[in-house]
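Novice: First the structure, then my questions, so here it is.
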């Protein structure tokens, strides 16, 4: 017990980084070359169960083919989507929409997809854990938009390369994605196997939650957060209201005020899909985060 307490106090004595709050929420939602397709005569045949899939479909120019999607996704071209789903959709509900194909990105939908297969509704799982470019390739193949998929992947990889060129050569920064989603509404952090973990690693940083063995989105304790020692906190703009305001993040999130990031108020705000989706916007998000880190830690 004494050794554990000593270790915690040693962590608390680490010198703080430079104070800063950087808001990247005004970055483009998608690569600038994306042209939003809005053809009223298009056949709406896609049911997409995953925000990452919706983002890719929009970037591929297929927004006007989406029949149903998660309600929370906010992207240009989606205003007229006929069905916006808040909760889990069942086999009967989806079948009533008469979709041409149903695509999911979360393995929790496997039973649903099996039920759709039983009634001969085409479906596919494009797992959200796949690299962003692989998800783009699979969606482009499904939609018969291979050329556009190749172009989009070229843009994504180009942004990845630009980000890599400006990453730190010193000790990797520790970044913590704080959240109140994915753990029953309690304070949580994004660990390994998440879109944000991929984002953090692409900018040459270390996921502070994954570094202590956390995977997915898990509830946190003050002791665990202190042991993470984040240099920077990352938060989705969409989640700011859940925390109240920026000061409440430091005051209320367990243990955060006692970390290097908390003592220096080092906070980066990004679009929700840039943080979580790891899809069509992954190049935009990666380059923006890399540039923000250079600004925060010159």
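Any read-out appearing in this document is the output of simple, stated calculations on the displayed coordinates, not a laboratory observation. Since the model is a prediction, treat every value here as computed from it, not as a measurement. Here Cβ is always computed from backbone atoms with ideal geometry, including for glycine, and neighbour counts include all displayed protein chains.
Novice: So what is the calculated 222 nm ellipticity per residue for the chain, using -39500 (n - 2.57) for each DSSP H run with n of 4 or more, over all residues, to the nearest 500 deg cm²/dmol? Could the numbers behind the result be given before it?
Specialist: Details: 14 runs with 120 residues, N = 298.
Dividing the helical sum by the residues of the chain leaves -11000 deg cm²/dmol.
Novice: Another question about this same structure. Suppose we keep just the DSSP beta bridges with both residues in segment 158-267; what percent of those would be antiparallel, to 5? Mind dumping the intermediate values first?
Specialist: Details: 5 of 12 bridges.
Here the antiparallel bridges make up roughly 40 percent for segment 158-267.
Novice: How much of the DSSP bridge set in segment 52-195 is antiparallel, in percent, rounded to the nearest 5?
Specialist: So the antiparallel bridges in segment 52-195 amount to around 25 percent.
Novice: Let me ask something additional. Subtract the Cα-Cα distance of residue 110 and residue 181 from 0.36 nm times their separation in residues, and report this length gain in nm to one decimal.
Specialist: Going from the current span to full extension adds 23.4 nm.
Novice: Could you tell me whether segment 150-207 comes out rounded, prolate or oblate from its Cα gyration tensor? Rule is a ≥ b ≥ c as square roots of the eigenvalues, rounded for a/c under 1.5, then prolate if a/b exceeds b/c, otherwise oblate.
Specialist: oblate
Novice: OK, next. Say R0 is 45 Å: what FRET efficiency, to the nearest 0.05, do residue 147 and residue 248 get from their beta-carbon distance?
Specialist: The formula returns an efficiency of 0.45 here.
Novice: Nearest 10 degrees is fine. How inclined is helix 282-296 to the longest principal axis of the chain, computing both from alpha carbons?
Specialist: 20 degrees
Novice: Quick one: Cα centre-to-centre distance for segment 245-298 and segment 76-149, in angstrom?
Specialist: So the two Cα centres are separated by 30 Å.
Novice: Still on this model: What is the list of residues in segment 125-148 whose amide nitrogen lies under 20 Å from a point 7 angstrom out from the Cα of residue 35, following Cα to Cβ?
Specialist: 140-141, 143-148
Novice: Here is a further query. Once you have a ≥ b ≥ c as the square roots of the Cα gyration tensor eigenvalues for segment 200-298, tell me rounded if a/c is under 1.5, and otherwise prolate or oblate according to whether a/b is larger than b/c.
Specialist: Here segment 200-298 falls in the rounded category.
Novice: Antiparallel as a % of all DSSP beta bridges within the chain, to the nearest 5?
Specialist: 15 percent
Novice: OK, next. Arrange 270, 296 by Cβ neighbour counts within 10 Å, fewest through most, would you?
Specialist: Ascending Cβ contact count within 10 Å gives the list 296, 270.
Novice: Still on this structure, I have one more. Between residue 258 and residue 157, take the C-beta separation as r, use R0 = 41 Å, and let me know the FRET efficiency to the nearest 0.05.
Specialist: Efficiency for this residue pair is about 0.55.
Novice: Quick check on segment 46-156: take the gyration tensor over C-alpha atoms, sort the square-rooted eigenvalues as a ≥ b ≥ c, and tell me if it's rounded (a/c under 1.5), prolate or oblate.
Specialist: Values: a/c = 1.77, a/b = 1.40, b/c = 1.26.
Prolate, since a/c reaches 1.5 and a/b exceeds b/c.
Novice: What angle do you read, to the nearest 10 degrees and between 0 and 90, between the alpha-carbon axis of helix 132-142 and the longest principal axis of the chain?
Specialist: Long axis of 132-142 versus the principal axis of the chain: about 10 degrees.
Novice: Would you mind ranking 85, 214, 139 by Cβ crowding within 10 Å, fewest neighbours first? Display every interim value, and only then the final one.
Specialist: Values: 85 17, 214 23, 139 28.
Result, fewest neighbours first: 85, 214, 139.
Novice: Residue 201 to residue 88: extension gain in nm, 0.36 nm per residue of separation minus the Cα-Cα distance?
Specialist: Additional length available on full extension: 37.6 nm.
Novice: Ranked by Cβ crowding within 10 angstrom, fewest neighbours first, how are 162, 180, 135 ordered?
Specialist: 162, 180, 135
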